[in-house]
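One structure is given below, encoded as structure tokens.
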Amino acid sequence: MTIGRHLAGFVFAIFLSMLTGGCAGRQHAAPSADHLKAHAELPDPLVMNDGTRVKTEAQWRQRRGEMKVILEHYLLGTAPPTPNSITSVDLDHRDVRGGTVEFRRVKLNFGPEDKLGFEAAVFVPKTGRAPFPTIVMPWFYPTPGSAIVPTTLPAGATTAATTRNAAYWEDAKRKSDPEDAAKDTFAPALDRGYAVMTFYYQQCGLDKKDYRQSGFFPAYPDYDWADLAAWAWGMSRCVDYLENQPFADKTKFIALGHSRLGKTTLVAGAMDERFALVAPAGSGCCGTGAFRFNGKTRGGKEGLENVLKMFPQWISPRMGQFADHVEQLPFDQNWLIALCAPRPFIAADATGDPYCNGNALKQSWLAAKPVYDFLHATPNLGVHFRDGGHELAAADWKAILDFADERLMGIDHGETFDHFPPAEKLH
């Protein structure tokens, strides 16, 4: 699909402004939904704003810039630039899991006058040879070893298993113990010789509708970013730290997350090319699932209308105008997958996930594949489905790590990552 020339002029003007130092956080006039032509098909990432088809890698680099500006304007809001520096302080440093894993809890400091920051936990295998490929993984529980107790549950957490009894808090206490985390949650990666850096995502911005008074947002009042962008920005700050750590392989940073943190992982991988492999799991709408194939009247499961009602903090308020007009979006989620190219990318999903429409993921994946083909990186585009529901299951870990072994480490497990379940299971 070719985006109209009226949009092209707007987008390219902003892009030039960014290149010449214009304020990225400033509001811009842009075509609204009723001024954009409806297209049932997913917008083609290989067609420039002026209608020119991408034919060279240099054109693709230019096209990436165009796509990022459109995504930031309509979907994510614009994040601030990378901080000039980042410092860290060790808060805890010890061996766990019978001395086989080194655990470190650190406080990262950055931003205006170094007043911003958050706690993160690092787990490094003590067997094998450094540097290790390193996973950056935001998660739903307090940073391991931290005394932080969540004051805000993930938005939508209102069931008996969370707010109506102590089950959530007991689970959080257990999962936030470094010993338990090393033996359970992160064991699949540590056992394979991968290091892990994780943090409690709501330190970056609360997962609630009045998020703008929390986390990073007050320090950057001129930027119109929302929660997904802020959480992804936190993942990039972890990479800033890891680039100066001798245990981490600087060529093998992996972005991994599940559910709304799978959406976050997709954003981080699309926007930060330092992630060598991107692995969103169970990310659904606003993640790997195309908006045009998600929602009550477009294939089922959670759609844009649901997100705008329940979780508006995740995305730019400008998405509200597309609630009943997703066909007029000048992009779709295939663009975020395409922006990861030619780097390895794998989407992990479940056929019984009540939130994720498997066909919506399939359509995004297929519409991003021409970019991988164009860049001669087709084997780097992966997908994996399992039976079951909405969780980061052992089968997801295995698929992601097998794919990482193959694409980053040259270890062949004899698997393929390019096939989908039968259509009747993708709903």
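Things to note:
- Summed over all non-identical Cα pairs, the Kirkwood treatment of the chain gives a radius of 21.7 Å.
- Between Val89 and Glu57, the contour length at 0.36 nm per residue exceeds the Cα-Cα span by 7.4 nm.
- Relative to the longest principal axis of the Cα atoms of the chain, the long axis of helix 57-71 lies at roughly 90 degrees.
- Highest mean first, the peptides 362-370, 194-202, 383-391 sorted by other C-beta atoms within 10 Å per residue fall in the order 194-202, 362-370, 383-391.
- Rg and Dmax of segment 263-420, Cα atoms only, in Å: 15.1, 47
- Each 10 Å bin from zero holds the following percent of Cα-Cα pairs in segment 268-325: 21, 48, 26, 6.
- Out-of-range pairs (alpha-carbon distance over 29 Å; input Lys107/Lys252; Lys263/Lys296; Lys183/Lys208; Lys68/Lys425; Lys37/Lys68; Lys107/Lys263): Lys183/Lys208; Lys68/Lys425
- Dipole of the chain [Lys/Arg +1, Asp/Glu -1 at C-beta], most positive-end residue of Leu336, Gly352, Ser259: Leu336
- Antiparallel content of DSSP bridges confined to the chain, in %, to 5: 50
- Take each peptide in 350-361, 321-332, 132-143, 404-415, count the other Cβ atoms within 10 Å of every residue, and average; sorted highest first, the result is 132-143, 350-361, 321-332, 404-415.
- Taking Cβ atoms as reference points and 9 Å as the exclusive limit, the residues near Glu102 contribute a net charge of +2, counting Lys and Arg as +1 and Asp and Glu as -1.
- Shape descriptor for segment 47-101: Rg over Rh equals 1.35 (Cα atoms; Rh from the Kirkwood inverse mean 1/r).
- Convex hull volume per residue, computed on the Cα atoms of segment 190-251, equals 106 Å³.
- In terms of its Cα atoms, segment 338-427 spans 34, 27, 20 Å along the principal axes, sorted from long to short.
- This model, with +1 at the C-beta of Lys and Arg and -1 at the C-beta of Asp and Glu, gives the chain a dipole about its Cα centre of some 400 debye.
- Residue-count net charge about Gly257 - beta-carbon cut-off 14 Å; Lys, Arg +1, Asp, Glu -1: -4
Laboratory data are not the source of any read-out in this text; all were calculated from the coordinates shown. If you're wondering where the values come from, they're calculated on a predicted model, not measured in any experiment. So basically every Cβ, Gly included, is an ideal-geometry build from the backbone, and we count neighbours across all protein chains shown.
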